[in-house]
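In what follows, a structure is listed as structure tokens, so that the remarks can point back to it.
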Amino acid sequence: MKFGVLVFPGSNCDHDTYHVIAEVARQPVTFLWHDSEDLQGVDAVLVPGGFAYGDYLRTGAIARFSPVMQSVKRFAESGGLVLGICNGFQILTEAGLLPGALMRNAGLKYICKQVHLRTETADSPFTNRLTKGEVVQMPIGHMEGNYFCEQDELDRLEAEDRIAFRYCTAEGETTAEANPNGSLSNIAGILNAGRNVLGMMPHPDRSSELLLGSADGWKVFASMVGVLAAR
């Protein structure tokens, strides 16, 4: 198997994500430059966090038009695995690969801290190493993490079991106090209709080794590795 990590002007978690695949998962991985349409035969695409194109206009608005994203869209449409983390989630919504939008945090401040997440589904290539209801800890670092979609889209996400993670307390309660950014229904991550694209604001790349305070994020990457190995 082979992973590809996108690199945009302004990406700042590309090396973090690359490190997890190369040193923790010990799988082949390559960087994919934003102005190239060549995905180099990868089996999974990772869209990392950062500030692609300086977040000008709005987060992900310019990145969606980059040549590499046109290839990523075709890759996803053919069933390829795509994981968007933080800014990557924002880019995937702008590109139409995931529904909804990421808006300014409710408090209008940048937030960087550890949060708890409740696993809402284990039925995906990204969460099959987790159990439904399992509480994990990962860090966030964003200014525009406030997820929003129309009510009919939220109903669809719920009905199709496409909400991957929700912000919660350490005990798994999805309270307003546990919601760091005002996201609709405490949503922290969602899947596309084909279940092969995941966008999430928390950082599994920054929580895949105990040295960083939590290794819970490793389960997201381990899920992907297991699925790809079985293909």
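The values are calculated or read from the model by the stated rules, or taken from the named source; none is laboratory data. What you see is a predicted model, and the numbers here were worked out from it, not measured in a lab. When we count neighbours, we look across all protein chains shown, and the Cβ atoms used for this are built from the backbone with ideal geometry, even at glycine.
Figures for the structure shown
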item	result
The listed residue being of a type in the set (Lys, Arg) and at pLDDT below 95, out of ARG104, ARG58, ARG156, ARG74	ARG58
All strands (runs of 3 or more DSSP E) inside the stretch 140-223 with 3 or more residues being under 18 Å from PRO99 (Cβ atoms), touching a residue at least 12 places away in the same chain (Cβ under 8 Å) and among the hydrophobic types (A, V, I, L, M, F, W, C)	163-168, 187-191, 197-200
Candidate set: the stretch 189-210, residues that are out of contact with any strand residue (DSSP E or B) (no Cβ under 7 Å at 6 or more places or on another chain) and closer than 20 Å to VAL29 by Cβ; chosen: the one surrounded by the fewest Cβ atoms within 10 Å (Cβ to Cβ)	GLU209
Qualifying residue in the stretch 32-46 (condition: within 15 Å of the chain's Cα centre (by Cα) and within 18 Å of PHE165 (Cβ to Cβ))	yes
Residues of the stretch 14-36 that turn out to be surrounded by fewer than 21 Cβ atoms within 10 Å (Cβ to Cβ), touching a Gly at 6+ places or on another chain (Cβ under 9 Å) and either touching a residue at least 60 places away in the same chain (Cβ under 8 Å) or among the aliphatic types (A, V, I, L, M) (or both), as a count	1
All positions within the stretch 121-139 that are assigned to a loop (DSSP other than H, G, I, E, B) and not hydroxyl-bearing (Ser, Thr, Tyr)	ALA122, ASP123, PRO125, PHE126, ASN128, ARG129, LEU130, LYS132, GLY133, GLU134
Every residue from the stretch 68-86 that is buried (at least 20 other Cβ atoms within 10 Å of the Cβ) and either under 17 Å from the mean Cα position of the chain (by Cα) or without any contact (Cβ under 8 Å) to a residue 24 or more places away in the chain (or both)	MET69, VAL72, PHE75, ALA76, LEU81, VAL82, LEU83, GLY84, ILE85, CYS86
Residues that are on the phi > 0 side of the Ramachandran plot and in contact with a Lys or Arg (Cβ under 8 Å, 6 or more places away or on another chain), drawn from the stretch 154-174	GLY172
